[in-house]
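Report on the following structure.
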C-alpha cells in the first residue's frame, strides 16, 4: 500500500504515516481519516510522524493536502514530525508544513525517526 498509518508500538504513543511512490491524494485523504480515528480513540495528544523517505514525487494538489495536516489538525493531534525529506521537499517544507509553533502542534523536520523515539 502506498500510504500506511500505524501505531509505532503497542503503547499507542505515536502514529507513523509512511509514504511510498506512487501515491495519490485519495490515498492520503484515507490515511488522514485513519489516523484521525486512531487519535480519537486516545485520551491524550498523539504525535504523528510523516515518513517521506520513499516518496520522491508529489501528485498535483498534494502540497495543499499536506499543509492541511497542520492547518486543520485533529484536536488531540500532538507535534508533527516530518522525516525523509528529499532536497526538493526540504526547500518547500517551511511553506508546506508551516514550521512554526502553534500551541502544542509544532512541526519538526527530523533526520530520522530514531531521534524521536530516543531523544
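Side notes on the structure shown:
- Scanning the stretch 27-38 for any residue that is more than 13 Å from residue 16 (Cβ to Cβ), under 11 Å from the mean Cα position of the chain (by Cα), modelled with pLDDT of 90 or more and part of a helix (DSSP H, G or I) turns up at least one such residue.
- Number of positions in the stretch 46-98 that are touching a strand residue (DSSP E or B) at 6+ places or on another chain (Cβ under 9 Å), part of a loop (DSSP other than H, G, I, E, B), buried (at least 17 other Cβ atoms within 10 Å of the Cβ) and at negative phi: 5
The values are calculated or read from the model by the stated rules, or taken from the named source; none is laboratory data. What you are looking at is a predicted structure, and each value in this text was computed from that prediction instead of being measured. Glycine also receives a Cβ, built like all others from the backbone with ideal geometry; neighbour counts cover every protein chain displayed.
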